[in-house]
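The values are calculated or read from the model by the stated rules, or taken from the named source; none is laboratory data. A quick note: this is a predicted structure, and the numbers were derived from the prediction, not measured. Using ideal geometry, Cβ is built from the backbone for each residue, glycine included, and neighbour counts are taken over all protein chains shown.
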Amino acid sequence: MRPMFDAHLDLAWCALGWNRDLTLPLPELRQIEAHLTDHPARGHGTVSLPEMRRGGIGVCLSTVLSRSKPEAIGETGGDRRTLDSRNQTIASAVGFGQLAYYRLLEQQGFIRLIHTAPELKAHWAAWTAAPDTTPLGIILAMEGADPIVEPSCAPDWWNQGLRCCGLAHYGPHPYAAGTGHQGPVTPRGLEMLKQFEKLGIIVDMTHTNEPGFFEVLDNFSGAVHASHNMCRCLVPGDRQFSDEQLKRLIERNAVIGMALDAWMVVPGWVRGVTQPAAASLSDVVDHVDHICQLAGHTRCVGIGSDLDGGFGTEQTPHDLNTIADLQKLEGLLEARGYSQADIDGIFSGNWIRFFSEALPQS
């Protein structure tokens, strides 16, 4: 089994928003939810901590994910699973609750929070030597900066362990426009970028929509990456990156994580209608190929699965039943002519190199 680094999982939201005990084996989680009908993903989850271990995932970026979107709450007052709060103060409190979840998992020995490059190096060495007994390594990320109530609060989150952050998620946000909404980085967003650069917080370009995408790159000189993004030329839509965007990221030595949400993998997917048979892991490799062709090398691609980010096997490629099936990408990459060194890079090495350079050195 080849060791893997997954650059995007919403573990805390999956646990707290969906009320899932991620320490349980995946078959047990599915059985617990088998009778629930509130969402198509119920009973079809792909992620738990034991399943991640079975799949060889030694490190992941896992998120704080909570949005300030009063316009999205509606007449029902909101469903915690939908992520949305009436203001940034509430969103921040929810975010700190997710942080508390990670800290409790660490206290219980399930995970190890990673803050620095030396910690990453030591953890990776321990994991590869003893994957059955080493805790899962987690680098704390934030998907959309709404829980940071003001740019002046960014140092507080840094001190709490935050190392990566995107400015937006879906729609309009306080700091930038997200997927499905066009707009610039706001004045508060530009101030946030200054804070991030000063602190060393890595900016995740995923979900930052145009023209804000290019404004971030022009106004921020720190490290950037795209934790979970695919190619617009293969799947139209602003959730995917254009070749121009991909080239700008490649120029910045970013790594781009391949996502497994099927509507990003193949064109024409209709949620709730299209069946998993329409997508395969081979389609994911098409996106890998495209980015590598643009770059002229394989150092810019990794995995950022986004599995159980609000969906389950009803919305994954047909040949992925659990997160452990990411290992099937090895044979598919070999069949396309990728070398063993290339595959090692895509599975883990590219992310390990990136974060070894971008995380604090002490």
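Data for the structure
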{"read-out": "Residue pairs meeting the criteria (Cβ under 8 Å; at least 6 apart or on separate chains; first at pLDDT 95 or above, in the range 266-292; second charged (D, E, K, R))", "value": "266/283; 276/314; 280/319; 281/319; 281/325; 281/328; 285/336; 289/336"}
{"read-out": "Scope the range 333-348; condition crowded, with 17+ Cβ neighbours inside 10 Å and over 16 Å from residue 3 (Cα atoms); matching residues", "value": "338"}
{"read-out": "Pairs, first β-branched (Val, Ile, Thr) in the range 242-253, second modelled with pLDDT of 95 or more and part of a helix (DSSP H, G or I), C-beta under 6 Å, six or more apart", "value": "250/295"}
{"read-out": "Residue 90 being of a type in the set (Val, Ile, Thr) and closer than 21 Å to residue 313 by Cβ", "value": "no"}
{"read-out": "Selection count where residues are without any contact (Cβ under 8 Å) to a residue 12 or more places away in the chain and within 30 Å of residue 33 (Cβ to Cβ), scope the range 293-334", "value": "0"}
{"read-out": "Scan of the range 314-340 for residues that are of a type in the set (Gly, Ala, Ser) and either touching a helix residue (DSSP H, G or I) at 6+ places or on another chain (Cβ under 8 Å) or in a loop (DSSP other than H, G, I, E, B) (or both), ordered by number", "value": "324, 337, 339"}
{"read-out": "Given (1) part of a loop (DSSP other than H, G, I, E, B); (2) modelled with pLDDT of 95 or more; (3) of a type in the set (Val, Ile, Thr), index of the condition residue 37 fails", "value": "(2)"}
{"read-out": "Complete set of residues in the range 43-65 that are over 20 Å from residue 317 (Cβ atoms) and assigned to a loop (DSSP other than H, G, I, E, B)", "value": "65"}
